[in-house]
Amino acid sequence: MPQALDHDPPSEHKLVPFGVLILRTGLLTLVFGKKECSDFWGDCLRTWWMSVRSRHRGIRRLVIYLDNGPKNSGVTRKFLRRIIEFSDWSGLEIRLVYYPPYHSKYNPIERCWSSLQQKWNGTLLTCWQVVKSCALRMTWKGESPEVHRIAKGYGNEQDVSQSEMKIINARLLRSDSLPKYDILIKPNCPRGR
C-alpha cells in the first residue's frame, strides 16, 4: 500500500526563525538558524547588533520584550548567561520585560510572523535561498526586513552550575514587584562595541 504524508515532507535540514523588531523605527531583522536554544539566541543578538549598531551609536540601553517561553524565560539559566554575555560584549544595558503567560499575542513581533508566513504559505522551503527570498519579499511597515543566517549547528548547551548561577544572579537587578518579568542587566564593560 502506498504511503502518503499528512504533514510537510521530512527534511534533512530545518531553519528556526528569530526576529528583532525595533519599535521606534519599525526595522525588522530576521535571523535563521538550525536550532532554537540559548546559544542561538545569543548569536542572533550579536548578529543583529553588528548589523544595526552603526545606525544607533547613541544607544546605551536595550529594552527587550519577550514572551515567557521555556527557552527565554527570566529563570532559564542558560538564557540568562547568554544575555549577560551579550550585555558585556556589546556594552549595552539590557532590560528584559516579559509578557505574562498567554499574552504573547500583544508582542508586536508576533504580528511579523504572520506576515512572513503569508509570504511562504504554500511554498516548499527546500533551501536557504528560497527561505531568504520569501523573507525578503515580506514587508513590515512598508519595508523589507534585514535577513541573516547563522549556519553553525548547536549541540547540547553547557549546563549552568550552582556556583555560576550565584554569579549570574548577582548581575540581575530584578524588579521588586515583578521579579520574573522585569530584569535589568548592566554590562561589565560600559563603553560597548
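Looking at segment 137-165 only, could you name the residues that are surrounded by 11 or more Cβ atoms within 10 Å (Cβ to Cβ) and hydroxyl-bearing (Ser, Thr, Tyr)? Thr139, Ser144, Tyr154 - these are the residues of segment 137-165 that are surrounded by 11 or more Cβ atoms within 10 Å (Cβ to Cβ) and hydroxyl-bearing (Ser, Thr, Tyr). Just one of the numbered conditions (1) farther than 30 Å from Arg77 by Cβ; (2) aliphatic (A, V, I, L, M); (3) modelled with pLDDT of 90 or more is not true of Ala151: (1). Consider Arg46 carefully, then state whether it is under 16 Å from Glu157 (Cα atoms), out of contact with any strand residue (DSSP E or B) (no Cβ under 9 Å at 6 or more places or on another chain) and among the charged types (D, E, K, R). The answer is no for Arg46. For segment 91-112, a residue qualifies if it is out of contact with any Leu (no Cβ under 8 Å at 6 or more places or on another chain) and surrounded by 14 or more Cβ atoms within 10 Å (Cβ to Cβ), and the qualifying residues are Gly91, Ser104, Glu110.
The values are calculated or read from the model by the stated rules, or taken from the named source; none is laboratory data. Model, not experiment: these values are computed from the prediction. Heads up, the Cβs are rebuilt from the backbone with ideal geometry, glycines too, and the neighbour counts pull from every protein chain shown.
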